[in-house]
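Since the structure comes first, as structure tokens, the remarks are kept for the end.
The values are calculated or read from the model by the stated rules, or taken from the named source; none is laboratory data. What you see is a predicted model; the values in this text were computed from it and never measured. Using ideal geometry, Cβ is built from the backbone for each residue, glycine included, and neighbour counts are taken over all protein chains shown. Each accessible area value is taken on the protein alone, full model and side chains, heavy atoms only, with ligands, DNA and RNA left out. Shrake-Rupley method; radii C 1.70, N 1.55, O 1.52, S 1.80 Å.
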Amino acid sequence: VASAGEDIYASASYDATVRLWDARSRSKEPLMILEDAKDAVTCVSSGNSALGDAQIITSSVDGKIRTYDLRKAQLQTEDLVHPITSFTFSNDASCIAASCLDGIIRLWDCTINNHSRKRVFQKMHSFHKSGNYKLECAFTSQDKYLVSGSECGAVVVYPVSDGNDAKNVNMMTTTTLARHNGPVCSVATCPKKNRPWLLVSASYDGSAMVWASKNEADHCLEV
């Protein structure tokens with residue numbers, strides 16, 4: 001579920017639809033049903049300051065990310081080919097990271113130019129496993145790293161390219177945090193700029209853990 005403007009909310013479903021709801025209305029019927037997806041809609045998010053507050057972004061198992069501009073009645077589609085389970089925006093709103101079932105997280109510039117976005121500029125893989133579960137990913141507060149869950153039970157922290165030198169990013173600086181005993185399905189990072197090293201993970205093993213970098217605090221707090 002995501003906010004789509006004042007008192008308007010969007011919900012995504014495995015029935016391949018996105019439905020808009022008016023929180024002020026007592027009606028049980030949606031304001032609008034978006035039926036463009038050809039398979040389950042796995043994630044929905046509202047637009048940000050860069051994309052506009054009247055936009056809805058969705059991902060689907062059909063491999064596409066769709067951006068709906070509700071004010072202009074326009075639809076923009078990016079085809080990543082591979083099934084997408086989740087996506088997230090960088091904090092500066094410059095790029096989107098999409099987690100796909102082929103085990104690759106794809107990053108691309110989401111700055112709109114002549115109604116088309118730039119191609120994927122970085123692919124993250126090898127350190128996390130994804131093929132059966134919906135796994136979330138999240139940028140750290142300074143957008144220097146992307147945190148991802150993994151089906152192997154690890155939390156993986158990938159370095160992020162600035163979009164110009166992806167080939168020169170040293171993937172060997174990727175960090176793997178291992179403490180869970182089941183697939184890590186959800187991750188979140190601290191929004192404070194002065195705490196980019198703080199994050200939390202949740203797993204199908206029933207546990208949630210808070211992590212901090214060794215430079216700040218060498219510990220893991222089980223919840």
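Checking each residue in segment 79-98 for being of a type in the set (Asp, Glu) and at pLDDT below 90 picks out only ASP92.
Could you tell me whether any residue of segment 61-84 is under 30 Å from HIS128 (Cβ atoms) and among the basic types (Lys, Arg)? Explain how you work it out, then say what you get.
Of segment 61-84, the ones under 30 Å from HIS128 (Cβ atoms) are 61-68, 76-84.
Now restrict to residues that are among the basic types (Lys, Arg): 64, 66.
Yes, there is a match, as at least one residue in segment 61-84 is under 30 Å from HIS128 (Cβ atoms) and among the basic types (Lys, Arg).
Among the residues of segment 61-95, those identified as touching a strand residue (DSSP E or B) at 6+ places or on another chain (Cβ under 9 Å), among the hydrophobic types (A, V, I, L, M, F, W, C) and loosely packed, with under 15 Cβ neighbours inside 10 Å are LEU75, VAL81.
Filtering segment 189-201 to residues that are free of Cβ contacts under 8 Å to residues at least 60 places away in the same chain and either open to solvent by less than 30 Å² (accessible area, probe 1.4 Å) or over 18 Å from CYS152 (Cα atoms) (or both) leaves THR189, CYS190, LYS192, LYS193, ASN194, ARG195, PRO196, TRP197, LEU198, SER201. Taken over segment 21-38, the residue count meeting the criterion of being touching a residue at least 24 places away in the same chain (Cβ under 8 Å) and not in a loop (DSSP other than H, G, I, E, B) is 1. Residues of segment 96-115 that are open to solvent by 10 Å² or more (accessible area, probe 1.4 Å) and under 22 Å from SER141 (Cβ atoms): ARG106, ASP109, THR111.
Let's see how each residue does on (1) β-branched (Val, Ile, Thr); (2) closer than 29 Å to GLY182 by Cβ; (3) more than 14 Å from the chain's Cα centre (by Cα); (4) in a loop (DSSP other than H, G, I, E, B):
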site	(1), (2), (3), (4)
GLN76	no, no, yes, no
SER126	no, yes, yes, yes
LEU146	no, yes, no, no
CYS152	no, yes, yes, yes
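Candidates are the residues of segment 116-140 that are open to solvent by 60 Å² or more (accessible area, probe 1.4 Å) and of a type in the set (Lys, Arg); the one that is modelled with the lowest pLDDT is LYS118.
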